[in-house]
Structures are given as structure tokens and as C-alpha cells.
1. Considering only residues of region 33-47 that are in contact with a strand residue (DSSP E or B) (Cβ under 7 Å, 6 or more places away or on another chain) and not small (Gly, Ala, Ser), which is nearest to the ligand (Cβ to nearest atom)?
2. Against the condition assigned to a loop (DSSP other than H, G, I, E, B), small (Gly, Ala, Ser), surrounded by 15 or more Cβ atoms within 10 Å (Cβ to Cβ) and modelled with pLDDT under 95, how does Ala141 come out, does it pass?
3. Restricted to region 2-32, and to residues that are out of contact with any strand residue (DSSP E or B) (no Cβ under 9 Å at 6 or more places or on another chain) and either over 16 Å from Ile112 (Cβ atoms) or basic (Lys, Arg) (or both), which residue is farthest from the ligand (Cβ to nearest atom)?
4. Just to be sure I understand the filter: pairs with C-beta atoms under 7 Å, separated by 6 or more residues or on different chains, first member in region 87-105 and farther than 22 Å from Lys76 by Cβ, second member away from the ligand (no atom under 13 Å from the Cβ) and not hydroxyl-bearing (Ser, Thr, Tyr). Which pairs pass?
5. Of the residues Gly104, Gly87, Gly64, Gly51, which is farther than 26 Å from Leu134 by Cβ and either touching a Phe, Trp or Tyr at 6+ places or on another chain (Cβ under 8 Å) or loosely packed, with under 15 Cβ neighbours inside 10 Å (or both)?
6. Confirm whether Ser89 is more than 16 Å from the ligand (Cβ to nearest atom) and either modelled with pLDDT of 95 or more or not basic (Lys, Arg) (or both).
Amino acid sequence: MWDGTKQLAHKIGAEISRLSPDTRVKVFNVSKTNKNDIMTEVFKSRAIAVGSPTVGRNILSSVGGWLEFLKELKFKKKKAAVFGCYGWSGESPQVVRQKLTDAGFEVVEPEIKCNWIPEEDATGKTAEAAKAILNKEQGEANISPAL
Ligand SMILES: Cc1cc2nc3c(=O)[nH]c(=O)nc-3n(C[C@H](O)[C@H](O)[C@H](O)COP(=O)(O)O)c2cc1C
């Protein structure tokens, strides 16, 4: 809605590039990029990170719809990280986590959750989550932000 979650997506991407310069990182907005094109990138990737701000104690419908599509494709042996900004209750990372788990992804810790706007205190968690999805392997990591 106001780009906080988008900023987190770019922070995670930058952290992955810093930790593993050979890893290709791509950032998508599921409400703007063709959903099939993003799915093709997921197919080619070892790991993804999916985020959404919290809206009505839930996630954006665009992200929810995309995650339903993801589940239908029954991917296996892929990792995922979750992230999102919130105002007062902050359910979105947990909702995304459950949907990714249902879709067969191994969802890593920690989830990255920011109150209103991403601050510097998100950086530590961003680095940890980036390390967890990289698992010190070389490969691709696509980041799918949720705006
Ligand atoms: C219509 C609407 C509903 C919201 N509902 C919630 C909510 O249920 N719980 C919550 O923690 N924050 C809620 N928020 C606050 C947003 O999650 C918060 O502003 C967040 O920083 C937005 O992230 P963004 O910058 O990525 O859009 C809501 C905001 C709007 C506009």
C-alpha cells in the first residue's frame, strides 16, 4: 500500500546479493507482473521470499490469489522466507507462512516483520533470513514482494 513491504523485499534482495554475489535475485510485484511469468521464475529458483502488508488482519488479496496458484503447482524442495509491514496486529507474515507451508515450501526463520516503515532494526533479521534461504549454496533466489 505504502511501499514499506516493497522496501523490505529490496533489502532482502540486497542482502542476498551481498552474501552471495553469484546468486541471481529478481524482485516482482504480484499485482503488476504477469502471474505466469513470476511462476516460471519460481520454477527456476531454489528459494523465494514472499511478503505482504497486514490488511484487515490478513494479507493483500493479490498475494493471497498468487499463493493459491502457487499451491496448485505443487513445487517441492524449495525454501521460502516471509516478510511484511504492519500497523497494530501484524498477522501477514504468519498468514503467508501457513500458505507457503501448505504449498509445500520449507519456510525458514526468522520472519521479517516491520511496524509501519522498515527501520534499521530490520537489517539483522533480513541478513538472517537471507542466510537461511541461501543455505550457503549457490543458486537463484527470486523475491516476490506483495504490493
Ligand atoms: C485498509 C487497511 C487495513 C489495515 N489493516 C491492518 C490490520 O488489520 N492489522 C495491522 O497490523 N495493520 C493494518 N493496517 C496497517 C498496515 O499494515 C501498515 O500501514 C503497513 O505499514 C503497510 O505496509 P506497506 O507500506 O507495505 O503498504 C491496515 C492498513 C490499511 C490501509
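1. Filtering first and then ranking leaves Ile38.
2. no
3. Asp22
4. Pro93/Val82; Pro93/Glu111
5. Gly87
6. Criteria not met by Ser89.
Residues are listed down the side, and each one gets a yes or a no for (1) away from the ligand (no atom under 16 Å from the Cβ); (2) of a type in the set (D, E, K, R); (3) at pLDDT below 95:
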position: Gly64; (1), (2), (3): no, no, no
position: Phe69; (1), (2), (3): yes, no, no
position: Lys74; (1), (2), (3): yes, yes, no
position: Lys79; (1), (2), (3): yes, yes, no
position: Pro93; (1), (2), (3): no, no, no
position: Val96; (1), (2), (3): no, no, no
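The values are calculated or read from the model by the stated rules, or taken from the named source; none is laboratory data. Quantities reported herein were computed from a predicted structural model and do not represent experimental measurements. Here the Cβ is made from the backbone with ideal geometry for all residues, glycine too, and neighbour counts use every protein chain on show.
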